[in-house]
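K.L.:
Provided herewith is a single structure, encoded as structure tokens, for subsequent inquiry.
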Amino acid sequence: MNSKKAEVVICFDYGTNKVGACIGETYTGACSPLDVLANNSGLYDAIKAVVKEWNPNLFLIGMPSKPTEGFKKSIKIFIHTLESQFQLRVEITNEDFTSMGISGEKKDSESAMLIFQDWFNLNYG
């Protein structure tokens, strides 16, 4: 169990077309959705802008328990690129069931919020 300290977390719900994101903090567990990011050549520039705005301590990434081989390869590249470009800690957490029942324009960022909340409850709750 982690000690209760305030860290800023950017949580991602990674997808091969879109990446949902939210900003959270570990003292209260509060989180808010960020814009959904297109997973294209501008993805890391968009993440860089979010990092500049929020100055996070770590990245949190949701990972399904049974990803396809193609998805597993894609998300590993995403994780490696985050680590090398931003020199921030990256944590992986299970994201099973976080998208169920969510619909709408910000679905991916709302899923990121659920991923963060599940992770927060497991580690700080």
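The values are calculated or read from the model by the stated rules, or taken from the named source; none is laboratory data. Just so it is clear, the structure is predicted and the values come from calculations on it, not from any experiment. Methodologically, a virtual Cβ is constructed for each residue, glycine included, from the backbone with ideal geometry; neighbour enumeration extends over all protein chains shown. Note: areas computed on protein heavy atoms with side chains; ligands, DNA, RNA excluded. Shrake-Rupley method; radii C 1.70, N 1.55, O 1.52, S 1.80 Å.
K.L.:
Select from the range 17-59 the residues that are among the aliphatic types (A, V, I, L, M) and within 21 Å of residue 107 (Cβ to Cβ) and list them in ascending order.
P.N.:
19, 21, 23, 30, 34, 36, 37, 38, 43, 46, 47, 50
K.L.:
Quick check on the range 56-75. Is at least one of its residues under 14 Å from the mean Cα position of the chain (by Cα), touching a residue at least 24 places away in the same chain (Cβ under 8 Å), open to solvent by 60 Å² or more (accessible area, probe 1.4 Å) and closer than 13 Å to residue 14 by Cα? Give the steps one after another, and end with the answer.
P.N.:
Applying the first criterion (under 14 Å from the mean Cα position of the chain (by Cα)) to the range 56-75 yields 56-64, 75.
Subset that is touching a residue at least 24 places away in the same chain (Cβ under 8 Å): 56-64, 75.
Okay, now just the ones that are also open to solvent by 60 Å² or more (accessible area, probe 1.4 Å), so 57.
Applying the additional criterion that residues be closer than 13 Å to residue 14 by Cα yields none.
No, the range 56-75 contains no residue that is under 14 Å from the mean Cα position of the chain (by Cα), touching a residue at least 24 places away in the same chain (Cβ under 8 Å), open to solvent by 60 Å² or more (accessible area, probe 1.4 Å) and closer than 13 Å to residue 14 by Cα.
K.L.:
Considering only residues of the range 21-41 that are open to solvent by 30 Å² or more (accessible area, probe 1.4 Å) and small (Gly, Ala, Ser), which is nearest to residue 81 (Cα to Cα)?
P.N.:
Let us first name the residues in the range 21-41 that are open to solvent by 30 Å² or more (accessible area, probe 1.4 Å), namely 25, 27-28, 30, 32-33, 35-36, 38-41.
Now drop any that are not small (Gly, Ala, Ser), which leaves 30, 32, 38, 41.
On the way: 30: 27, 32: 24, 38: 16, 41: 13 Å.
For the range 21-41, the residue satisfying everything is 41.
K.L.:
What is the number of the single condition among (1) over 17 Å from residue 108 (Cβ atoms); (2) open to solvent by 30 Å² or more (accessible area, probe 1.4 Å); (3) modelled with pLDDT of 95 or more that residue 81 does not meet?
P.N.:
(2)
K.L.:
So, one more: For the list (1) at pLDDT 95 or above; (2) in contact with a helix residue (DSSP H, G or I) (Cβ under 9 Å, 6 or more places away or on another chain); (3) not in a strand (DSSP E or B), I need the number of the one condition that residue 104 fails.
P.N.:
Against the list (1) at pLDDT 95 or above; (2) in contact with a helix residue (DSSP H, G or I) (Cβ under 9 Å, 6 or more places away or on another chain); (3) not in a strand (DSSP E or B), residue 104 comes up short only on (1).
K.L.:
So the check is Cβ under 7 Å with 6+ separation or different chains; which pairs have a first residue in the range 76-92 that's touching a residue at least 24 places away in the same chain (Cβ under 8 Å) and a second one that's aliphatic (A, V, I, L, M) and assigned to a helix (DSSP H, G or I)?
P.N.:
These pairs meet every condition: 86/51; 90/79; 90/82.
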